[in-house]
Amino acid sequence: MRFGRVAAWRLVVGMAVLVGLTAPVSSYAAQGKLSVVASFSVLADIVQSVGGDRIDVTSLIPRNRDAHHFEPSPADVAEVRKADVVFVHGVAGFEGYLPRLIAASGYTGPVVTVSEGVKLRTRVRKGVAGDDPHTWNNPMNAVIYVGHIKDALEARDPAGRAEYEANAARYIAALKAIDADARQRLGKIPEAQRVVISSHAAFGYLGDAYGITFLSPMSISTADEPSAKHIAALIDQIRKERVSAYFVENSNNPRLVELVAKATNVKSGGELYAEALSAPGGPASTYLDMLRHNVDTLATALEKAPAQASAK
């Protein structure tokens, strides 16, 4: 596997050199817009919302794609090369490919870490404590993102300051409204009913914010294959607790969570969006839609919890 990845990167870099010979200059120079790259679709949508019509945004990881298994292409190298600003999440190796990608591109512009200042959760992965990267699943963490995004865009395009400020203020207001609605709706549900299963451990920040316990067969990375011992222990835990529902995710294989749910007689609560937006026009076509969808899907399932308790 390691040899394969090294060989793949050599091919990417070699092809990127050829692509780079004909790569266009930044859109700022060509069209008066900033050319912006964001590492994944959730972040790209937040950046677009703050930047508005003054920027063109490219997401390296497409919609509906598992970020934990992403490998860049020569086209991604070319996009980074021509960028005016690159926005990254920057927590716990979530974008482990980025240092190699930026080095291959020759990009020397600003790389903005939007999660700087967010209070991180610590979780164990492969027996080692580390930071949970899924901070965006609490909308109040995204308020911090917006501040960094606004500042970076203003620094690169001072003429757009008023527009960036106005867009950021509207977006922060929307995030706070979603947070207030989530607290109001989920807070009505008895705490004992707020225990669920998700495909992987991506919703810890959401759970901490709104008092929901998430159990998962997979760790914070879908690249980690859980052991049989872990699955057996999880099944035992679920049988001892009142678990209201299980949820699949749009960007990863539901096999394990469905296996665990079948073994414990837990009913499906629907699909959540953990780290990738849906296709345009889908239930999570924007980050704000994703947050609303997840809250609504969770609340709907939890409100039915008495009829869907797991077998004991």
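The values are calculated or read from the model by the stated rules, or taken from the named source; none is laboratory data. Worth saying up front: this structure is predicted, and the values here are computed from it rather than measured. Note that each Cβ is placed from the backbone with ideal geometry, even for glycine, and that neighbours are counted across all protein chains shown.
Below is a table of values for the structure above.
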{"read-out": "Filtered residues of the range 146-159 (kept if closer than 18 Å to V86 by Cα and part of a helix (DSSP H, G or I))", "value": "V146, G147, H148, I149, K150, D151, A152, L153, E154, A155, R156, P158"}
{"read-out": "The range 175-199, residues that are crowded, with 16+ Cβ neighbours inside 10 Å and of a type in the set (A, V, I, L, M, F, W, C)", "value": "L175, I178, A182, L186, I189, V195, V196, I197"}
{"read-out": "Scan of the range 63-73 for residues that are in contact (Cβ under 8 Å) with a residue 40 or more places away in the chain and either surrounded by 19 or more Cβ atoms within 10 Å (Cβ to Cβ) or in a loop (DSSP other than H, G, I, E, B) (or both), ordered by number", "value": "R63, N64, R65, D66, A67, H68, E71, P72, S73"}
{"read-out": "Some residue of the range 113-125 being modelled with pLDDT of 95 or more, of a type in the set (G, A, S) and touching a Phe, Trp or Tyr at 6+ places or on another chain (Cβ under 8 Å)", "value": "yes"}
{"read-out": "Residue within the range 113-132 that is surrounded by 19 or more Cβ atoms within 10 Å (Cβ to Cβ), over 23 Å from V248 (Cα atoms), touching a strand residue (DSSP E or B) at 6+ places or on another chain (Cβ under 8 Å) and small (G, A, S) present", "value": "no"}
{"read-out": "Count of the range 160-204 residues which are assigned to a helix (DSSP H, G or I) and within 21 Å of I235 (Cβ to Cβ)", "value": "3"}
{"read-out": "Flag for V260 being β-branched (V, I, T), under 28 Å from F40 (Cβ atoms) and in contact (Cβ under 8 Å) with a residue 60 or more places away in the chain", "value": "yes"}
{"read-out": "Residue satisfying condition, being under 22 Å from D289 (Cβ atoms), modelled with pLDDT under 95 and of a type outside the set (K, R), within set A23, A8, A67, A38", "value": "A67"}
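Condition check ((1) in a loop (DSSP other than H, G, I, E, B); (2) crowded, with 21+ Cβ neighbours inside 10 Å; (3) modelled with pLDDT of 90 or more; (4) not assigned by the TED database to the domain that holds H134) across all residues:
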{"residue": "L206", "(1), (2), (3), (4)": "no, yes, yes, yes"}
{"residue": "E225", "(1), (2), (3), (4)": "yes, no, no, yes"}
{"residue": "I238", "(1), (2), (3), (4)": "no, yes, no, yes"}
{"residue": "Y246", "(1), (2), (3), (4)": "no, yes, yes, yes"}
{"residue": "E258", "(1), (2), (3), (4)": "no, no, no, yes"}
{"residue": "G270", "(1), (2), (3), (4)": "no, no, yes, yes"}
{"residue": "G282", "(1), (2), (3), (4)": "yes, no, yes, yes"}
{"residue": "M290", "(1), (2), (3), (4)": "no, yes, yes, yes"}
